[in-house]
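J.: Would you mind keeping the following structure in view while I ask a few things?
The values are calculated or read from the model by the stated rules, or taken from the named source; none is laboratory data. All figures in this text were calculated on a predicted structure; none of them were measured in a lab. Backbone-built Cβ (ideal geometry, glycine too); neighbour counts: all protein chains shown.
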Amino acid sequence: MLLDVRNLTVTLKTESLQVDAIDRMSLSLRAGSIHGLVGETGSGKSLFARALTGTLSDKWHVRADRMFWQGEDLLRLSDERRNQIISRDIAMIFQEPSQCLDPTRTVGEQVSEAIPNKDLSGGFFSRGSRRKERVIELLKRVGVKRYEQCFSSYPHELSEGLCQKVMIAIAVARRPKLLIADEPTDAMESATKIQILRLLQKLNQSKDMTVLLITHDLEAVSQYADEMTILYSGQSVESGSVKELLKNPFHPYTDILFKSIPKLGKLEAKTRLNTLPGSVPPLQHLPTGCRLGPRCPNAQKECVVTPKSVKTKGHIFSCHYPINQSK
Ligand code: SF4
């Protein structure tokens, strides 16, 4: 296992509010896999990723029972050692890549800066040319066709899709073991979106780089991910292999999510789309117990108590009244 997180809680503490935005969430990432982390906007997906990488501001408090990285518990290490491991082995890309790049510097300068010195062979004086060769190599690897032109361009001269490829080149320059892609294709047109997702898949297969794909796009996850975890309002509802979950979801929320996507092939022609009434509750008004309660068609009295995680038939789910149990 590359990463094994148990019961991670992220608490927001302000003068007027103290609330668990992420409530005892667990996630296991198999080395070499693509794992989808799926949820509606406001479900806490990005917050979870930032808690993992230690990039949250002081108002957020993170605790967990364990956080194993390749068998080593990060929680038992000093802050300095933990940060060293995270910055060496984990890279992250975000939505709106053009906003993440420095508008005052060329692509070549920005990719070049991400390349570690140890990757450059030859003496000190040949480093400049080796660095440029390596940047071009990275741009080619992420599928930039006009790489020479891209090398000397500024971010505002590039499309959003190209900016994301540049961000991916920067991220993979350090050869990370895990790439966290936080809504990497949000607001992109469909052809560009497919290009970026295929690129992540290619890097995963050829470089054996594990990918945590954070998205609300269930269709993309069903096509590109091996495993997935579904998050609702800061609580993990179900996780397992994508094939298994698609075939036989145990959690009512998973079932409704799948039934709301016509392309997943679960709907007959002209069937009404299944959707849940209401929306994800705001942090100030989180329901007690299972947070899906007020929207759940199967809710009963017992649901005011947070359900425990249950592992059965390759699924891990949290629900007092799971569905599809007889199959
Ligand atoms: S625990 Fe209750 S409210 Fe939550 S998903 Fe299951 S049935 Fe619905």
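J.: If a residue must be surrounded by fewer than 23 Cβ atoms within 10 Å (Cβ to Cβ), among the small types (Gly, Ala, Ser) and in contact with a Lys or Arg (Cβ under 9 Å, 6 or more places away or on another chain), how many such residues does the stretch 154-172 contain?
T.: 1
J.: Among the listed residues Val211, Val144, which satisfies the condition of being surrounded by 20 or more Cβ atoms within 10 Å (Cβ to Cβ) and either touching a residue at least 60 places away in the same chain (Cβ under 8 Å) or in a helix (DSSP H, G or I) (or both)? I'd like the intermediate steps shown before the answer.
T.: Working: Val144 fails: either touching a residue at least 60 places away in the same chain (Cβ under 8 Å) or in a helix (DSSP H, G or I) (or both).
After ruling out the rest, the residue left standing is Val211.
J.: Which of the residues that make up the stretch 76-92 are surrounded by 14 or more Cβ atoms within 10 Å (Cβ to Cβ) and farther than 18 Å from Leu47 by Cα?
T.: Leu77, Arg82, Ile85, Asp89
J.: Determine, yes or no, whether Ser112 is touching a residue at least 12 places away in the same chain (Cβ under 8 Å) and closer than 21 Å to Pro184 by Cα.
T.: So Ser112 fails the test.
J.: Somewhere in the stretch 102-110, is a residue under 23 Å from Gln235 (Cβ atoms), surrounded by fewer than 19 Cβ atoms within 10 Å (Cβ to Cβ) and charged (D, E, K, R)?
T.: no
J.: Have a look at Thr14, Thr41 and point out the one that is under 21 Å from Met228 (Cβ atoms) and out of contact with any strand residue (DSSP E or B) (no Cβ under 9 Å at 6 or more places or on another chain).
T.: Thr41
J.: Considering each residue of the stretch 281-327, count those that are near the ligand (Cβ under 9 Å from one of its atoms), at pLDDT below 95 and among the charged types (D, E, K, R), and give that number.
T.: Total meeting the criteria: 1.
J.: If a residue must be more than 11 Å from the ligand (Cβ to nearest atom) and surrounded by 20 or more Cβ atoms within 10 Å (Cβ to Cβ), how many such residues does the stretch 246-257 contain?
T.: 2
J.: Also, quick follow-up: Would you pick out the residues in the stretch 299-327 that are of a type in the set (S, T, N, Q) and either in contact with a Cys (Cβ under 8 Å, 6 or more places away or on another chain) or within 20 Å of Arg6 (Cα to Cα) (or both)?
T.: Our first condition is that a residue be of a type in the set (S, T, N, Q); within the stretch 299-327, this holds for 300, 306, 309, 312, 318, 324-326.
Within the stretch 299-327, Thr306, Ser309, Thr312, Ser318 meet the criteria.
J.: I'd like to know if the stretch 28-50 contains one or more residues that are surrounded by fewer than 15 Cβ atoms within 10 Å (Cβ to Cβ) and without any contact (Cβ under 8 Å) to a residue 24 or more places away in the chain.
T.: No - not one qualifying residue is present in the stretch 28-50.
J.: Could you tell me whether the stretch 173-180 includes any residue that is modelled with pLDDT of 95 or more, more than 19 Å from Gln110 (Cα to Cα) and crowded, with 23+ Cβ neighbours inside 10 Å?
T.: Yes, the stretch 173-180 contains at least one residue that is modelled with pLDDT of 95 or more, more than 19 Å from Gln110 (Cα to Cα) and crowded, with 23+ Cβ neighbours inside 10 Å.
J.: Looking at the stretch 229-240, is at least one residue hydroxyl-bearing (Ser, Thr, Tyr), farther than 24 Å from Leu12 by Cα, away from the ligand (no atom under 16 Å from the Cβ) and at pLDDT 95 or above?
T.: no
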